[in-house]
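Down below is the structure, laid out as structure tokens.
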Amino acid sequence: MIETRKEIIRKYKERKPDQGAFAIRCTATGRIWVGASRNLYATQNGAWFALRHGGYHEKSLQAEWNAQGEPAFQYEVLERLDEDVSAMAVIDLLKEKKACWAAKLGAQVIW
């Protein structure tokens, strides 16, 4: 059965965004920045938009982007939270995951 456009849009709006930890890596220098987000897909889009326009809030990442150029950067999802995590626990869990991954990778923390 073929889905109608309305059904596809409804399903998109009802889906829960992926929450978790991510890394932005500079392949040219090996530097890594780690963060956490309640919407990993939107975070990547927002970060790339801000970096392309010179307005990213983490100055060291923006400087590296300006020096190395967009092709030298990768966005990587490190860990996704389970969908059944309670809303009350999400913020603390994201902070914990961000700190854990930053320590593990020797990365700078963003957000």
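The values are calculated or read from the model by the stated rules, or taken from the named source; none is laboratory data. A quick note: this is a predicted structure, and the numbers were derived from the prediction, not measured. As a convention, Cβ positions derive from the backbone with ideal geometry for all residues, glycine included, and neighbour counts pool all protein chains shown.
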Looking at (1) over 28 Å from Ile91 (Cβ atoms); (2) at pLDDT below 95, which one does Lys16 not meet, given that it meets all the others? (1)
Got at least one residue in segment 37-54 being touching a residue at least 60 places away in the same chain (Cβ under 8 Å) and under 9 Å from the mean Cα position of the chain (by Cα)? yes
Name the residues in segment 80-99 that are of a type in the set (A, V, I, L, M, F, W, C) and within 17 Å of the chain's Cα centre (by Cα), would you? Leu81, Val90, Ile91, Leu93, Leu94, Ala99
Take the residues in segment 22-38 that are of a type outside the set (Ser, Thr, Tyr) and part of a loop (DSSP other than H, G, I, E, B), then tell me which one is modelled with the lowest pLDDT. Arg38
Checked pairs for segment 88-106, first free of Cβ contacts under 8 Å to residues at least 60 places away in the same chain, second surrounded by 14 or more Cβ atoms within 10 Å (Cβ to Cβ), C-beta under 6 Å and 6 or more apart or across chains, list as none
Among (1) closer than 13 Å to Phe22 by Cα; (2) free of Cβ contacts under 8 Å to residues at least 60 places away in the same chain; (3) not β-branched (Val, Ile, Thr), which single condition is His57 missing? (1)
Filtered residue count, segment 1-30, keeping only those that are in contact (Cβ under 8 Å) with a residue 12 or more places away in the chain, surrounded by fewer than 17 Cβ atoms within 10 Å (Cβ to Cβ) and among the charged types (D, E, K, R): 1
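When the residues of segment 1-52 are narrowed to those that are small (Gly, Ala, Ser) and touching a strand residue (DSSP E or B) at 6+ places or on another chain (Cβ under 8 Å), which ends up farthest from Asn66 (Cα to Cα)?
The qualifying residue farthest from Asn66 (Cα to Cα) is Gly20.
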Show the residue pairs meeting these rules: Cβ distance below 9 Å; 6+ apart or different chains; first residue within segment 64-84 and part of a loop (DSSP other than H, G, I, E, B); second residue exposed (fewer than 15 other Cβ atoms within 10 Å of the Cβ) and charged (D, E, K, R). Glu83/Lys16
Segment 32-54, subset more than 30 Å from Ala89 (Cα to Cα) and in contact with a helix residue (DSSP H, G or I) (Cβ under 8 Å, 6 or more places away or on another chain), residue surrounded by the fewest Cβ atoms within 10 Å (Cβ to Cβ): Gly54
